[in-house]
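Working notes for the structure below.
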Amino acid sequence: MADLVYPPVIAAARLMFRLLDNRLRVTGAENVPATGGAVIACTHISYLDFIYCGLGALPAKRLVRFMAKKEVFDHRISGPLMRGMHHIPVDRSAGQASYAEAVERLRAGEVVGVFPEATISRSFTVKELKTGAVRMAAEAGVPVVPMALWGTQRLWTKGRPKELTKRHVPISVVIGEAMRPGAEESCEALTADLRARMAALLEKAQSEYPATPSGEDDRWWLPAHLGGTAPTPEEAAELDRR
């Protein structure tokens with residue numbers, strides 16, 4: 001498929017990050033397959049994660065097709081961009097159709113990006129995962145590449161005002177070794193393995209992050225177990241239920 005929209009969008013994003021000096025650091029890019037289909041399963045802590053997840057695959061010269069809710073495609077501004085970049089709309093009332101399209105794209109050699117936690121993690125830890133990422137990879141016969149992001153929550157996350165023009169924010173993208181789900185393996189066991197891998201990558205990103213809170217009021221972007229004031233996983237789950 002022709003990609004006339006994706007390259008200029010990437011160029012614009014890179015220019016914006018340079019102007020804001022958002023220091024992007026990608027490690028493990030060699031784990032993204034240079035050819036063939038693959039699922040990228042990424043942690044989710046910000047509304048901007050799809051941008052940085054996509055940038056993480058660029059060293060491998062791959063364009064990621066994200067699965068995103070249909071409402072984003074219906075928007076008068078984001079809709080034409082999403083369709084132009086050949087992302088995959090997800091209608092929650094008819095989810096099987098988007099799943100089938102993703103499997104078809106994978107079999108055609110595309111990279112499909114998913115956020116298996118389904119919603120943003122308010123605790124900045126890895127939530128329980130949906131099984132869709134490993135199921136579609138197993139059905140299409142392609143690998144799953146785990147990825148973790150850190151720093152994106154400082155720009156725009158759930159329950160906080162957006163700070164899209166905040167300067168000098170480091171952004172870490174950490175990519176792990178691919179796992180290859182087999183069609184006969186338990187989706188639940190594979191998903192538990194994927195979650196453990198994503199959690200280890202997130203911990204690595206957090207431990208190597210080159211910035212610390214500027215003061216007591218700035219500890220909100222750290223998880224509780226690292227001394228931050230973000231909700232605990234249990235508190236976050238309760239907030240999500242509400």
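Readers should treat all values here as calculations from the given coordinates under stated rules, not as data from a laboratory. Since the structure is predicted, the reported quantities are computational estimates derived from the model, not experimental observations. Every residue, glycine as well, gets a Cβ built from its backbone with ideal geometry; the counts of neighbours run over all protein chains shown.
A few comments on the model shown:
- Percent of beta bridges antiparallel (DSSP, the chain, rounded to nearest 5): 20 percent
- Amide H contacts of residue 40 (H built 1.01 Å from N, under 5 Å, at least 5 apart or other chain): 112, 113, 114, 145
- Here, region 9-92 is characterised by an Rg to Rh ratio of 0.96, where Rg is the alpha-carbon radius of gyration and Rh the Kirkwood radius.
- Kirkwood analysis of region 1-46, using all unique Cα-Cα pairs, places the hydrodynamic radius at 13.5 Å.
- If you model region 100-192 as an ellipsoid using its alpha carbon gyration tensor, with each semi-axis the square root of five times an eigenvalue, the axes come out at 29, 15, 12 Å, biggest first.
- Most to least packed among 105-114, 13-22 [average Cβ atoms within 10 Å]: 105-114, 13-22
- Least to most buried among 175, 10 (fewest other Cβ within 10 Å first): 10, 175
- Per-residue HN-Hα couplings for region 203-208 [Karplus 6.51, -1.76, 1.60; θ = phi - 60°; Hz; x = Gly/Pro]: 4, 4, 4, 5, 5, 9
- Surface/4 of the Cα convex hull for the chain, nm²: 12.9 nm²
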